[in-house]
Every structure is written in structure tokens, then in C-alpha cells.
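What follows draws every value from the coordinates through simple rules; no lab data is involved. The structure presented is a predicted model; accordingly, all values stated were derived computationally and were not measured. We place every Cβ from the backbone using ideal geometry, glycine too, and count neighbours over all the protein chains shown.
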Amino acid sequence: MNYEGYGPHGIAIYVETLTDNTTRTVANVRSVFTKFGGTLGTSGSLDFIFSHKCQFTIALKDGVDMDDLILELIDLGIEEEYDIDEEENEVTLYGDPKSYAAIQKWFEENGFEVKAAEFTRIPNDLKDVIPEQRETIDKIVERLDEDDDVQNVYTNMKPLDEE
């Protein structure tokens, strides 16, 4: 089950859960939102804020041109945007979640080391917050993460390194 809502200061919060008791889980999630002045929304209410994507982090191979790699993978659902970490010698690529298996298979068949592969939600619009607001939102995320049924929590709060 996924739960969507707004925390204080207009920050969107998307909560992915895996539970055997949805009644307990929704009560726990709702309690955290309420305690910190947020509101739980209806399913799908944040679809326009978060894009669901698959994310692959692979080791860069010597002599591989990123433009050529992207062109090779674009038909499989990989996007043109990517993040390179030259210190770690790796690149993170994003794609259509429906193409996850095909993309992973392609990396394996072509000798790329997949360091991480997962599904994620990426905010389309990041919101600036002041330090006091960040502290409150961080507490909500932390409290939600403490719940055994919660798998992932996403917000549209601008990361510290982008401010």
C-alpha cells in the first residue's frame, strides 16, 4: 500500500509500505501525519509530483561513451538524463519501471557491473525550506521510517546540497 499526503510547509510526502495489516499501517501513518500537522491525502493525489522510475547504478567501463550507451538503451526505456560519480567511477541511469527486467538483462549480457538497481520516486518539483522547516520534515520522515511496515519515504523537499 502507498500513502500520500502533505506535511507541514506544503511538503509532499509519499510513503510506500508492505504490510499484512493495512488497518494498523494506515492508522500509524495517519498518526504521524496528524502529530506533525500534516494531512493524509487520497491515493493518486501526488502522482503529478513524483515520477515512478527504475534506477540503475553501474560501474563505468573504460572506453564507454555515455552518449553511445544512452542511444543503445533508449529503446529499452532508459532516459537521457544520468548522474556520473567520477570519484566512485559509476553512473546512475533512470528508466521506465516497466522496462526494469529488460534493462537489467541488457547490462548483464553486455558485461556491466550493476552496483544497485531499484525502483524509486523522483520529485518533479522541489520545494525550498528553511532549517526549522527541514527539521520538522526530517522528524516526520524519521518517524515514518521507524515503522516496520514502511519501506520507503519520499518528499519533494530540496536536498541540502542543492540549496
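Legend: P(r) of the chain from all alpha carbon pair distances, 10 Å bins from 0, whole percents, reading 10, 33, 29, 21, 7, 0. When you restrict to C-alpha pairs under 8 Å that are six or more residues apart and normalise by the size of the chain, the relative contact order lands at 32 percent.
Pairs of Lys residues in the chain that lie 8 or more places apart, or on two chains, and have C-alpha atoms under 28 angstrom apart add up to 20. Note on segment 51-122: percent of Cα-Cα distances in each 10 Å bin, starting at 0 and stopping at the bin with the largest distance, equals 20, 62, 17, 0. Extension gain, Ala27-Ile84: 0.36 nm per intervening residue step, less the Cα-Cα distance, totals 16.5 nm.
Among Val150, Val32, Val114, the residue with the largest mean-square fluctuation in a Gaussian network model of the chain, with springs joining Cα atoms closer than 10 Å, is Val114. Only one residue of Trp106, Leu160, Thr17 has its Cα farthest out toward the positive end of the dipole of the chain, where Lys and Arg carry +1 and Asp and Glu -1 on Cβ, and that residue is Thr17. Using only side-chain charges placed at the Cβ, +1 for Lys and Arg and -1 for Asp and Glu, the dipole size of segment 51-122 relative to its Cα centre rounds to 540 debye.
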